[in-house]
Amino acid sequence: MSNTSVDVNQYLIQNEPYYEAVEDEIALYEAAYNARMPMMLKGPTGCGKSRFVEYMAWKLQRPLITVACNEDMTASDLVGRFLLDKDGTKWQDGPLTTAARMGAICYLDEVVEARQDTTVVIHPLTDHRRSLPLDKKGELIEAHADFQLVISYNPGYQSLMKDLKQSTKQRFGGLDFDYPQEAIEVSIVAKESGVDAETAAKLVQIAHRARNLKGHGLDEGISTRLLVYAGQLISKGVAPQAACSMTMVTPLTDDPDMRDTLDAAVQTFFG
């Protein structure tokens, strides 16, 4: 017995997610989906990759199943496993299997965090076979015609120990993401947080200064997501300097000198 009768509606995104296009990524993704091409989204943390997938799932009116990958994730977590209950043993589909059955977009977020022996299970779904073998169950699932696999990762964090094999990478089309151009990012921050354009512009300027420090004391620049957090606090009445400290300084680094540098940038615009 398996849980194949899943309600598709619970995975549909009912309301349009806010997304500002940076280039032609919407049209390119639509073309990729029409070809059912597996897609890889590459870019820094908090630059809008997950929001983009949500927006495209809404636009295409497809259910979306998102998996936040981690180093403890096993193949069974993706595919499924047998569970014991009062009636005996029953099969429980994993998120990848559920998506393949119903024709959802399956989004594996930060896929390189998963072990390589786990990511190998996606291979049969990313070539001409479009199938998923459930070895433990003795079943071969032919993916629904509408199924698509999407993965994302942050190339800035990759090492030899944490990277996708070439045999995996070359199964995907790819889109590069980065922080938006200044005018677009100001618009996003203002819209998402509720602050005025002038305040949003100051937050973006601080972020630009911090991003220039990447590789010079910072592992990662201030993300658009953190700018929205700062704006949300400011719009709730928190003093701008305190809001920036909470969202754009403290989470980013523990190094005292780097914190002083970031605090100085905040002081420049909100002092």
> Using modelled backbone amide H atoms (1.01 Å from N, in-plane), which distant-in-sequence or interchain residues come within less than 5 Å of Ile151's amide H?
Replying inline: Met39, Met40, Leu41, Leu108
> Can you list the lysines whose alpha carbon sits under 27 Å from that of Lys191, skipping same-chain ones fewer than 8 residues off?
Replying inline: Lys42, Lys49, Lys59, Lys202, Lys214, Lys236
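Hey, got a sec? Which chymotrypsin sites (Phe, Trp or Tyr not before Pro) in segment 177-271 land in a DSSP loop and have at most 10 other Cβ atoms within 10 Å?
Values: sites: Phe177, Tyr229, Phe269, Phe270; in loops: Phe177.
Those that pass, being in a loop and sparsely packed, number zero.
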> According to a simple spin-label model (label point 7 Å from Cα along Cα-to-Cβ), what is the distance in nm between Arg211 and Phe82?
Replying inline: 5.2 nm
> List the aspartates and glutamates whose alpha-carbon lies under 16 Å from that of Lys137, not counting same-chain residues fewer than 8 positions away?
Replying inline: Asp77, Asp93
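Do any trypsin sites (Lys or Arg not before Pro) in segment 69-151 lie in a loop, going by DSSP, with at most 10 other beta-carbon atoms within 10 Å of their beta carbon, and if so which?
On the way: sites: Arg81, Lys86, Lys90, Arg101, Arg115, Arg129, Arg130, Lys136, Lys137; in loops: Lys86, Arg115, Arg129, Arg130, Lys136, Lys137.
Those that pass, being in a loop and sparsely packed, are Lys86.
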> So what does the Cα-only Debye profile of segment 182-270 read at q = 0.17, 0.22 Å⁻¹, as log10 I(q)/I(0), no solvent term?
Replying inline: -0.60, -1.00
>> I want to make sure I understand the PRE zone here: with the label point 7 angstrom from the Cα of Asp72 toward its beta carbon, which residues in segment 78-94 have backbone N atoms less than 20 Å away?
In response: 78-84, 94
> For segment 92-101, in order, what is each residue's ³J(HN,Hα) by Karplus, 6.51 cos²θ - 1.76 cosθ + 1.60 with θ = phi - 60°, in whole Hz (x at glycine and Pro)?
Replying inline: 10, 4, x, x, 5, 5, 4, 5, 5, 5
> Any idea how far apart Asp219 and His128 come out in nm if each label point goes 7 Å out from Cα toward Cβ?
Replying inline: 4.3 nm
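Once the Cα gyration tensor of segment 8-176 is diagonalised, what are the square roots of 5 times its eigenvalues, in whole Å and ordered largest first, as equivalent ellipsoid semi-axes? Don't skip to the end; give the middle numbers.
Values: eigenvalues 132, 76, 45 Å².
Semi-axes, largest first: 26, 19, 15 Å.
Any read-out appearing in this document is the output of simple, stated calculations on the displayed coordinates, not a laboratory observation. All values derive from a computational prediction rather than experimental measurement. Heads up, the Cβs are rebuilt from the backbone with ideal geometry, glycines too, and the neighbour counts pull from every protein chain shown.
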